[in-house]
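Here is the structure we will look at.
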Amino acid sequence: MNTFVKGLSDSQVVTWRNLMNVRRNPEWLLGATAFPIMFVLMFAYVFGGAIGGPGSDSSEYREFLIAGIFAQTVAFNSSYTVIGFASDLQKGIIDRFRSLPMSRFAVIVGRTTADQVLSLVVLVVMSVCGLLIGWRIRGSFVDAVLGYLVILMFAFAMSWIGAYIGLLAKSVEVANSAGLIWMFPLTFVSSAFVPQESLPGVLGTFADWNPFTAAVNATRDLFGNPAPSGYPEPSGWPAENAALYAVLSCVVIIAIFAPLATARYRKVASK
């Protein structure tokens, strides 16, 4: 019990240290919010009329879009986890942590928790942006809270993947690429911007079972943001049980990558 309490205390210290780094480097927060805002404006006003679906108006597509942007934003924020660990390794910070009487697991938990706080701040900014372009939550207050919790749980799962990649990266330059390259098929071969039913063959099957699609669909359902008129209704078990599948996917991802990241940290910290 004392070991757990000490590990929790150590995690809080590391979390605070990482949040102070964001405060000292506000360009991180600017980058985390500026790109999603540009995506919202670009898809809502530039591409919305073309991909909004037959018979739909742009306001319907904007409501459909926001959940996808939320999920994309928190997924891409995991790149900060990748870069953060790579930077700490390159600067020797991990060696300093190793010399201290602290829980090794706390270093990873502190990083992922700090990135959760960053995701929460970004979601607030993105929600305000969505409201300004006409997005509204049509569900109940409880459903809305659950929708945000699904997104934050998905963000937490993605941060563990980011932690593992960051500890594998040999340099910050490698981490910059490695932290983003795997995100593009995950986010774009999904229901984030178009219905998964419109994707052909293997792409459609991948999109159906993509955890990203499940998080997006579950959030849309909870927010009460249906697909625009003319969009095909998604079918199959993942679509019909989006919330359950999203939660199960996040649990599986954490169960896989938390031990992998911890084992990798122990390896690099023992060098």
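Suppose we filter the range 216-264 for residues that are within 30 Å of L89 (Cβ to Cβ), over 18 Å from the mean Cα position of the chain (by Cα) and among the small types (G, A, S); how many remain? Break it down into steps so the answer makes sense when it comes.
Restricting attention to the range 216-264, the residues satisfying the condition of being within 30 Å of L89 (Cβ to Cβ) are 249-264.
Checking the rest, the ones that are also over 18 Å from the mean Cα position of the chain (by Cα) come to 259-260, 262-264.
With the extra rule that they be among the small types (G, A, S), the set shrinks to 263.
Summing the residues that are within 30 Å of L89 (Cβ to Cβ), over 18 Å from the mean Cα position of the chain (by Cα) and among the small types (G, A, S) in the range 216-264 gives 1.
Identify, from the list G179, G139, G134, the residue that is of a type outside the set (A, V, I, L, M), at positive phi and touching a helix residue (DSSP H, G or I) at 6+ places or on another chain (Cβ under 6 Å).
Step by step, each of G179, G139, G134 is checked, and only G134 is of a type outside the set (A, V, I, L, M), at positive phi and touching a helix residue (DSSP H, G or I) at 6+ places or on another chain (Cβ under 6 Å).
Please go through the range 207-248 and pick out each residue that is surrounded by 15 or more Cβ atoms within 10 Å (Cβ to Cβ) and of a type in the set (D, E).
D208, D221
Find the residue count for the range 161-189, including only residues that are among the polar types (S, T, N, Q), part of a helix (DSSP H, G or I) and either at pLDDT below 85 or in contact with a strand residue (DSSP E or B) (Cβ under 9 Å, 6 or more places away or on another chain) (or both).
Matching residues across the range 161-189 total 2.
Quick test of your reading of the structure: G224 fulfils all but one of (1) at positive phi; (2) touching a Pro at 6+ places or on another chain (Cβ under 6 Å). Name the failing condition by number.
(2)
Within the range 38-61, does at least one residue satisfy the condition of being at pLDDT below 80, more than 30 Å from A214 (Cα to Cα) and not aromatic (F, W, Y)?
no
Please indicate, with yes or no, whether at least one residue in the range 124-145 is within 30 Å of K91 (Cα to Cα) and touching a residue at least 40 places away in the same chain (Cβ under 8 Å).
The answer is no, given that none of the residues of the range 124-145 is within 30 Å of K91 (Cα to Cα) and touching a residue at least 40 places away in the same chain (Cβ under 8 Å).
Among the candidates G162, G166, which residue alone is more than 11 Å from the chain's Cα centre (by Cα) and not acidic (D, E)?
Just one listed residue meets the conditions, G166.
Would you mind telling me which numbered condition in (1) over 17 Å from D10 (Cβ atoms); (2) not in a helix (DSSP H, G or I) V124 fails?
Unmet for V124, out of (1) over 17 Å from D10 (Cβ atoms); (2) not in a helix (DSSP H, G or I): (2).
Just give me the residues in the range 68-107 being of a type in the set (A, V, I, L, M, F, W, C) and modelled with pLDDT under 85, in sequence order.
Those that are of a type in the set (A, V, I, L, M, F, W, C) and modelled with pLDDT under 85: I83, F85, A86, L89, I93, I94, F97, L100, M102, F105, A106, V107.
If I filter the range 146-169 for residues that are more than 22 Å from R23 (Cβ to Cβ) and without any contact (Cβ under 8 Å) to a residue 24 or more places away in the chain, do I get at least one hit?
yes
Those residues that are hydroxyl-bearing (S, T, Y), at pLDDT 85 or above and part of a helix (DSSP H, G or I), I need them from the range 190-226; list them, please.
Residues satisfying the conditions are T205, T213, T219.
The values are calculated or read from the model by the stated rules, or taken from the named source; none is laboratory data. Not measured: the values here are computed from a predicted model. Cβ: placed from backbone, ideal geometry, glycine included. Neighbour counts: every protein chain shown.
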